[in-house]
1. Can you tell me which of (1) free of Cβ contacts under 8 Å to residues at least 60 places away in the same chain; (2) closer than 23 Å to GLY182 by Cα; (3) of a type in the set (Asp, Glu) is the one GLU102 doesn't meet?
2. Looking at (1) modelled with pLDDT under 95; (2) of a type in the set (Ser, Thr, Tyr); (3) farther than 30 Å from LEU67 by Cβ, which one does THR141 not meet, given that it meets all the others?
3. Residues in the stretch 39-59 that are surrounded by fewer than 18 Cβ atoms within 10 Å (Cβ to Cβ) and either among the hydroxyl-bearing types (Ser, Thr, Tyr) or within 30 Å of GLY101 (Cα to Cα) (or both): how many?
4. Being touching a residue at least 40 places away in the same chain (Cβ under 8 Å) and not aromatic (Phe, Trp, Tyr) is the filter here, so list the residues in the stretch 158-175 that pass it.
5. List every residue pair whose Cβ atoms lie under 7 Å apart, where the two residues are 6 or more positions apart in sequence or sit on different chains, the first residue falls within the stretch 57-73 and is within 18 Å of ASP113 (Cβ to Cβ), and the second residue, located anywhere, is among the basic types (Lys, Arg) and in a helix (DSSP H, G or I).
6. Cβ-Cβ distance below 8 Å, separation of 6 or more or different chains: which pairs start in the stretch 20-43 with a residue that is free of Cβ contacts under 8 Å to residues at least 24 places away in the same chain and end on one that is among the polar types (S, T, N, Q) and crowded, with 22+ Cβ neighbours inside 10 Å?
Amino acid sequence: MTVFSTIAVGGRKRRGEGHTRREEILHAAKELFLEQGYDATTIRRIADRVGISAPALYLYFKDKEALMLALCDQTFGHLIEAIGEIEKTVDDPMERVRRFGEAYARFGLSHPDEYRLVFMGSNIPEAMRKIGHRAPIDDPTRPGVGGAIVFGRLVAMLSQVEASGTKLNYPPDTCAELCWMGIHGLVAAFITKPEFPWSNRELLISANLDIHLKGIVRNA
């Protein structure tokens, strides 16, 4: 799993160390996007923070949008790993959906800066603005496809709920959006109001999932 941490920067990379340089650039871009805002951050500022020239940065990313797409994919990569573990260890379809919600909440609370940048900012790249979580996922290496992959896996889980004999009140993709929006609202509230006197966070996460899962399942 990728760890978001401070990375030493500067200096010429030896052959084979390009991956390290790429991570340094992403880390610097993330910091500046959070500190100064996406619109105010320039390629020059990112390159200066890394300790390289702007032309050297362009060897790794063609523009600022490509950097943002890569940060989105890096963030969604955590959730893709968590989903893979759920799919390997949990058999019950509805329990898989619940575990997805729990994993999503815990990721957001463990990585508030990344969550704020990707899920709560106004800097959605143009390439994702109108297609978002419905982007084609035929090529999982396409920049910016991470969110659509995660959403597709959640839809698949909900389709498996229906296939197991449990009726849903809405189509699986609508149920997926409802569940996602519900847990996102809770995580965003925790992140933006960390000092607010919330009641027990674990109970709030569990209860939020209870409410949404009960709401999407049709009563017999």
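1. (1) is the only condition that GLU102 fails.
2. Result: THR141 passes all but (3).
3. 3
4. Scanning the stretch 158-175 gives LEU158, GLN160, VAL161, ALA163, SER164, THR166, LYS167, LEU168, ASN169, CYS175.
5. Correct list of pairs: LEU71/LYS30.
6. LEU32/THR41
The values are calculated or read from the model by the stated rules, or taken from the named source; none is laboratory data. All values derive from a computational prediction rather than experimental measurement. Counting neighbours? That spans all protein chains shown, and the Cβs are built from the backbone with ideal geometry, glycine included.
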